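Structure record follows, encoded as structure tokens.
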Amino acid sequence: MRRLAALALGTSVLLVAAPAAAQSSAGASGPSDMLLLMAAVGAAVAVFLLIIILLGKTRSSSGVQQRLGSLGNASASKGVFGRFAFLRRAARSAESAAAQRGATNMIESALEQANIPLKPGEAIITAILVALLAFILLSAITRSFIWGVIGATLVLVGSLVFVNQVAARTRKRFETQLPDTLNLLATSLRAGYSLLQAVEAVGQEAPEPTRREFGRAMAEIRLGRPINDALSDIAERMDSQDFEWTVMAIGIQREVGGNLAEVLQTTSETMVQRNRLRREMKALTAEGRISAYVLAALPLLLFGAITVINPDYLKPMLENTIGLVVMGAGIVFIGIGIYWMSRIVKVDA
């Protein structure tokens, strides 16, 4: 019933868009009208696919697949990429191309850190589809292929920046929560828990993303993986050198013996003191960072203000070859200055 409703709605969308497309094609006299025709057809197809995605019914998996999916990433058999064979093939092709260029591990690591339930090929195809839709819409609205290409490029770059920013925030939260995590482990060990029970307690009581990572480690341990390897994977996924050292200390203490709770407590206090020092240095360099932001944004703000107030003033720079060369050189030097100032105010602690 839901598929029939989706088909009916999609057909109505196409029927509504067809007269507009036919009217624009009947009066087509140039590339601008052709762009409008392409935009109408593309929008109709996009809405049709969106309706099918929202109202379509997924194929129910067997009990074994459901149990296995609860222990791992079941995104390959669910969602849009599990419903359409051509999207699965496109995702596999994109993942193969990324693997040939050695970018699969980097993309997969960023997606895991950002907690985005997509495989590398699926993320690449999603970004390409959104960029293609932005290209069609901007080309139709502005009637210029150049703005369409610019919009598609911004979408691709924005997708990369978004994933990296979300991953960076997740890593920062994990590092901030790490002293409390070690305190919870040490307290659990002092209360008589084993190391496995202490890890399970962290996976149940810690905030995100620590809870998610330790819960995943517990699932791997229940499937037979050594506890040190599972914890090392957490350090690798979160790119945390502090936790990597902590895992090394845990491994040494398990081999040679000793008071593991005391080691974890000392490590936690050291991290707290270092974080306090890092925050103090950040406060001391706040003035320099604000100055760097202002100096970096000033040329762009002035360019935008002059463009709005007096557009004719910048025409010689935008229409002459020498002006374009000077503007390109200015952008390069601004980028160098931004990088230089960021390195000056950055303190490694």
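The single condition among (1) surrounded by 11 or more Cβ atoms within 10 Å (Cβ to Cβ); (2) assigned by TED's automatic domain parsing to the domain that holds Pro209; (3) of a type outside the set (A, V, I, L, M, F, W, C); (4) without any contact (Cβ under 8 Å) to a residue 60 or more places away in the chain that Gln265 does not satisfy is (4).
Residues that are within 29 Å of the chain's Cα centre (by Cα) and closer than 23 Å to Asn228 by Cβ within segment 251-310 comprise just one, Met271. Among the residues of segment 230-244, those identified as in a helix (DSSP H, G or I) and surrounded by 13 or more Cβ atoms within 10 Å (Cβ to Cβ) are Ala230, Leu231, Ser232, Asp233, Ile234, Ala235, Glu236, Arg237, Asp242, Phe243, Glu244. Among the candidates Leu111, Leu118, the residue that is part of a helix (DSSP H, G or I) and either of a type outside the set (D, E, K, R) or more than 30 Å from Arg173 (Cβ to Cβ) (or both) is uniquely Leu111.
The values are calculated or read from the model by the stated rules, or taken from the named source; none is laboratory data. Remember, it's a predicted structure, so these values are computed and weren't measured experimentally. Heads up, the Cβs are rebuilt from the backbone with ideal geometry, glycines too, and the neighbour counts pull from every protein chain shown.
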